[in-house]
Amino acid sequence: MKSWHAVVAIILLPIIIGLAVFAYASTQHVPVFDPQGSVGAHEKDLILFTLALSTVVVIPVFLMLGIFAWRYRDTNHKAAYTPDAEGNRWLELLWWGIPIAIIAVLSVVTWVSTHALDPNKPLESTVKPLNVQVVALQWRWLFIYPEQRIASVNELVIPAGTPVNFRITADGPMSALWIPSLGTQVYAMTGMSSKLSLIADHTGTFRGSNSNISGTGYSDMYFNVKALPSRQDFDSWVKAFNDRPKHEHLDLDQYLTFAKPTHDKSVQYLHLHDVSLYDEIVSKYAHSDSGHHSSKHEGHEE
Amino acid sequence: MFGRLTLDALPHDPVTIGGVAGGTVGLLIIIAAMTYFKKWGWLWREWLTSLDPKKIGVMYIVVAVIMLLRGLADVAMLRAQQAIFATSPNSPISPDLFQQVFSAHGTIMIFFVAMGVIFGLINLIVPLQIGARDVAFPLLNSISFWLFVAGMVLMNVSLGLGEFSAAGWLAYPPLSELAYSPGTGVDYWIWSLQIAGVGSLLSGVNFLITIFLMRRKGMTLMKMPIFVWSVVTSMVLVIFAFPILTATLAMLGLDRLLGMHFFTADMGGNPMMYVNLIWAWGHPEVYILVLPAFGVFSEIVPVFSRKKLFGYTSMVLALIAIMILSFTVWLHHFFTMGAGANVNAFFGIMTMVIAVPTGVKVFNWIFTMFRGRVSFQTPMLWFMAFVATFTIGGVTGVLMAVPGIDFVVHNSLFLVAHFHNMIIGGVLFGAFAAYAYWFPKFTGFRLHEGLGKVAFWCWLVGFLVAFLPLYALGFMGAVRRMDHYDASLGWQGLFIAAGVGVLIILLGVFFQVVQLAYSVWKRKELAVGPDPWGGRTLEWATSTPIAEYNFATLDAVHDRDAYWTVKKAHEKLSAQYYDIHVPNNSGYGALIGAAALGVGFALIWHIWWLAGVSMIALIALVISSTQRTDVEHVITAREVALTEKRLRGKRA
């Protein structure tokens, strides 16, 4: 193998293997690149913009690496040879300058997008948002609809076109709520109440999961998000549910049994008896310490 | 009597039993062979008690290579599970075992492979490059090494006695607290890292002082080889970052041992504080590993381009900039923890700023080839592959530095692909380049070039096939540390590809082993002189094999490429020899390591009497080691003259 064959191979291998992966992945479902809501769509655009900007550096690096290595190979005696050249002030200024310019542009984009996508900030919308409280347990998800008095386990039903304001906590190890089709993920932590605001612009079923290891049942902590066509559909789903009285109930006492570690992956829907259950779950980690406030509504963000 | 240690601590599941049995048999064979050939005395005198940094460096690397093999065996299990068994209900690897294995994989690869390789390299190269005969504190150097070994042994004991942590390589609480991990696993993690970490801190102090105080006359800071500069910045990071690790581990240890509440979920503990602290150490740690690898490439590119390094001053400034900036970015590891937009944006922008000095370094390396005479031997191939892969890793790093992007890929396999891109493409490829480059200096023969190239291509192709699919899997919603998933998600094809990549990497490792064995076998044919590559720095001025005292004479240095100038001017080294003081061997390092191992083991298993005895022994040994009187012996000028004649006479 001639030396320049190696040079060409080193440059081309990442590109060829990368393209092969890209070709294969594009035949599959890639939720981050197929966003179903405005948050995810914004984040997809950010990815594409940053990738495009980075090519300003990446393409010259790959080209120069290949061209210089080939041009100045030791068997090419026609090429210039300046063994004692120590550097070049102007060239060096150029490549301190170009990355600084790129990063300056990206910094502005970062500042603006980070504020726009701040999960603590509710989505702006003319539609009244739906409030959902999320509890990450070992090893299932509890979704509480305080206004609808429903609690669901391992499945989340939402209306499309309505912002969903989540408050997220954990009653167990640190976990994280991630619905790739909708966008941003946020950690779920004991004694804390994280905020997250997402929206589904389309009807559909999206997969969500826990992205932070929380013990042996961690891989089973996934759930479906069902986005119903409209708020009316959601309201009639709520009404239909509440009209059937035979469901099990959930209050603090039952919750204490319910919250024990389990590998039960089943989907359940329960009547919520205690509308302040979520706040009680958040504050129970503060109760045991006399130095902390023990008010029921002492969430981290309030 | 034995605390928590009962027969139940022995392994139960077939996979672990197999691993333990294999390891034990291997160890017994080595012990039997050593005994049969009566090599124990030789091993103790020539290696284990040696204070010669050249030997300590080799021992670091031997340990790191053994740990690399274990880390690879772990990853083979992980990928086999994800590629083959993930969609079936019957897997030989339970979720608990899977979690222990990936926790062990990360811990081993960072603390006992990457750190071992870097400290091995620093021991071997730094004293030679600064033209010194030794390090500032030779015994402390040996103690550091033995603490590293003690940590390594403790971590591996967990395989056969008890369990290892299943809480990931950074053991986030509250999962790592007693409430959720009551077993010994997290304790093994804490105490093996605590012991090894103290060793790293001591090494950081030792090498920084060595570089500042023991440079050859005439070698000003701006005339130091760039690898030495990279070690300066790396050791400053060690000195500032490792105390944070020590304190954090101590607090987690107190939570677990004495029921305290630094990081527990309840009683006012704050797990988020742990996450901040561990990354305040953890992010600089990445640069502790990668800066010396940058230094390696800064040595190799000029030598194989037969040209001076392009923009030396820029390179030094870039190293210092990275060193400082690396302490200002830790929050980017948890943008999704709920900090406000101002905080997230600040840390995101600081993270991107690091790309500037890193980019400058890449351009300077590339322009070192410009108008050079580039020869593509294995060290240079590793460099080319490093630039190609590290650039990809840099781009994905900048992507994740944008909080809005991190929000949607954090803790997915995209993240896993990114940091392997940096650690394998940066640190490991750097280590392999260094291995091919400096091997002949210490052995007198080259590694076989053809086999080295085969290994190189396996590693490069294997790496790309193993990790590029993970980027796609991240976008597809696959989270890290997941041992099974539903077949309908369409992930299995890419997991199989990633598994094939690991197999190709294993093939590369196989060829590296073959290369070493073959090169040792054919060492006569592969023999080279003391300066086989046309080296530019002082290590190539020594004889090969290198005398115990490194340099017979300490001629002043006039220029940056100290040895290159001497060769070009046909200067003769001075032949006026003087008596040389060299350190005596000492068994204190090994004994202190053994005592530390005892402390760690006792604290894990709650064997209080053993903890007390080991702790007293440890303190007594440390005090007594400072009272040594026979610290060095003299090699007379006459002996030096004879040695030089013998070593240089052959191929002078």
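Evaluate Rg over Rh across the protein assembly as shown, taking Cα atoms for both radii and Kirkwood's formula for Rh. Spell out each step's value before the answer.
Working: Rg = 29.3 Å, Rh = 29.7 Å.
Rg/Rh: 0.99.
Could you give the size of the charge dipole of the protein assembly as shown about its Cα centre, using +1 on the Cβ of each K and R and -1 on the Cβ of each D and E, expressed in debye and rounded to the nearest 20? Intermediate values should be presented prior to the final figure.
Details: 62 positive and 59 negative charges, 859 e Å.
That gives a dipole near 4120 debye.
Counting beta carbons within 10 Å around each of B:Ile607, A:Ile179, A:Ile100 and listing the fewest first gives the order A:Ile100, B:Ile607, A:Ile179.
Here the Karplus relation 6.51 cos²θ - 1.76 cosθ + 1.60, evaluated at θ = phi - 60°, turns the backbone of the stretch B:13-28 into coupling constants of 7, x, 5, 5, 4, x, x, 5, 4, x, x, 5, 4, x, 4, 5 Hz, with x for every Gly and Pro.
Within the protein assembly as shown, DSSP assigns beta bridges of which about 70% are antiparallel (rounded to the nearest 5). Counting charges near A:Leu272 (Lys, Arg +1; Asp, Glu -1) among other residues having Cβ under 9 Å from its Cβ returns a value of -1.
Within the same chain, lysines fewer than 8 places from A:Lys78 are excluded, and of the rest, those with a Cα less than 30 Å from its Cα are A:Lys2, B:Lys307, B:Lys308, B:Lys361, B:Lys453, B:Lys567, B:Lys568. Computed from backbone phi, the HN-Hα couplings of the stretch A:240-256 come to 4, 5, 5, 6, 9, x, 7, 5, 6, 9, 9, 10, 4, 4, 5, 4, 4 Hz, rounded to whole numbers (Karplus: 6.51 cos²θ - 1.76 cosθ + 1.60, θ = phi - 60°; Gly and Pro given as x).
Please give the charge dipole size of the stretch B:373-523, origin at the Cα centre, charges +1 on K and R Cβ atoms and -1 on D and E Cβ atoms. Round to the nearest 20 debye.
Values: 8 positive and 4 negative charges, 149 e Å.
Dipole size: approximately 720 debye.
Counting Lys +1, Arg +1, Asp -1, Glu -1, what net charge surrounds B:Val402 among other residues with beta carbon under 12 Å of its beta carbon? With Lys, Arg at +1 and Asp, Glu at -1, the net is -3. A Gaussian network model of chain A, with springs between Cα atoms under 10 Å, assigns the largest mean-square fluctuation among A:Leu250, A:Leu272, A:Leu106 to A:Leu106. For A:Trp141, the residues 5 or more places off, or on other chains, whose built amide H falls under 5 Å of its own are A:Asn154.
Relative to one another, the C-alpha centroids of the stretch A:79-101 and the stretch B:372-413 are positioned 22 Å apart.
Note on chain A: GNM, Cα springs under 10 Å; of A:Asp251, A:Asp233, A:Asp84, the largest mean-square fluctuation is that of A:Asp84. Cα centroid separation, the stretch B:499-537 to the stretch B:21-93: 19 Å. Each of B:His283, B:His420, B:His633 was scored by other Cβ atoms within 10 Å of its Cβ. Arranged with the fewest first, they read B:His633, B:His420, B:His283.
Which of the listed residues, A:Ala69, B:Ser94, B:Ala602, is farthest toward the dipole's positive end in the protein assembly as shown, when Lys, Arg count +1 and Asp, Glu count -1 at the beta-carbon? Of the listed residues, the answer is A:Ala69. Of A:Ser152, A:Ser236, A:Ser211, which is the most mobile in a GNM of chain A whose springs link Cα atoms less than 10 angstrom apart? Maximum among the listed residues: A:Ser236. For B:Thr553, nonlocal amide neighbours, meaning residues 5 or more places apart or on other chains whose placed amide H falls under 5 Å from its own, do not occur. Phi-derived couplings, Karplus 6.51 cos²θ - 1.76 cosθ + 1.60 at θ = phi - 60°, listed residue by residue for the stretch B:597-611: 4, x, 4, x, 4, 5, 5, 5, 9, 6, 9, 5, 4, 5, 4 Hz, with x used for Gly and Pro.
Give me the dipole magnitude in Debye, nearest 20, for chain A about the Cα centre, with unit charges on the beta carbon: positive for Lys and Arg, negative for Asp and Glu.
Details: 22 positive and 28 negative charges, 189 e Å.
Result for chain A is approximately 900 debye, rounded to the nearest 20.
Of B:Ile56, B:Gly116, B:Tyr180, whose Cα points farthest to the positive end of the dipole of chain B (charges on the beta-carbon: +1 Lys, Arg; -1 Asp, Glu; origin at the Cα centre)? About the Cα centre, the residue reaching furthest to the positive side is B:Ile56. Can you tell me, using C-alpha contacts under 8 Å and at least 6 residues apart, the relative contact order of chain B as a whole percent? So the answer I get is 18 percent. For the stretch A:130-287, a Kirkwood hydrodynamic radius built from all Cα pairs, placed in the Stokes-Einstein relation at 25 °C and 0.890 mPa s, yields a translational diffusion coefficient of 158 µm²/s.
Given a Förster radius of 51 Å and the C-beta distance between B:Met1 and A:Ser266 as r, what FRET efficiency does 1/(1 + (r/R0)^6) yield to the nearest 0.05?
Details: r = 47 Å, r/R0 = 0.92.
My answer for the efficiency is 0.65.
Seen from B:Phe367, the other residues with C-beta closer than 13 Å to its C-beta sum to a net charge of +4, counting Lys and Arg as +1 and Asp and Glu as -1.
Please work out the ratio of the alpha-carbon Rg of chain B to 2.2 N^0.38 Å and round it to two decimals.
Working: Rg = 24.7 Å, N = 652, 2.2 N^0.38 = 25.8 Å.
Normalised by 2.2 N^0.38 Å, the Cα Rg of chain B equals 0.96.
Note on the stretch A:130-287: lysine pairs with Cα distance below 20 Å, sequence gap of 8 or more or different chains, count 4.
A straight Cα-to-Cα reach below 14 Å connects A:Lys128 with the aspartates and glutamates A:Glu147, A:Asp235, residues fewer than 8 places away in its own chain not being considered. Per the Kirkwood formula applied to alpha carbons, the stretch B:373-523 shows a radius of gyration over Rh ratio, Rg over Rh, of 1.06. Give the lysines whose C-alpha is closer than 20 Å to that of A:Lys44, dropping any in the same chain fewer than 8 places away, or say none. Here the lysines satisfying the reach criterion relative to A:Lys44 are A:Lys121.
For A:Ala176, the residues whose amide H sits under 5 Å from its own are A:Ala188, A:Ser211, A:Asn212, ignoring neighbours fewer than 5 places away on the same chain, with H placed 1.01 Å from N.
If you average the alpha carbon positions of the stretch B:560-618 and of the stretch A:251-265, how far apart do those two centres end up, in angstrom? Measuring centre to centre over Cα atoms gives 55 Å. Spin-label model, B:Val513/A:His202: points 7 Å from Cα along the beta carbon direction are separated by 5.0 nm.
In units of the rule-of-thumb radius 2.2 N^0.38 Å, chain A shows an alpha carbon radius of gyration of 1.37. Each principal axis of the Cα atoms in the stretch B:300-449 has its own extent, and those three values, largest first, are 57, 32, 24 angstrom.
Readers should treat all values here as calculations from the given coordinates under stated rules, not as data from a laboratory. These numbers were taken from a predicted model, which means no experiment stands behind them. Cβ atoms come from the backbone with ideal geometry, glycine included; neighbour counts cover every protein chain shown.
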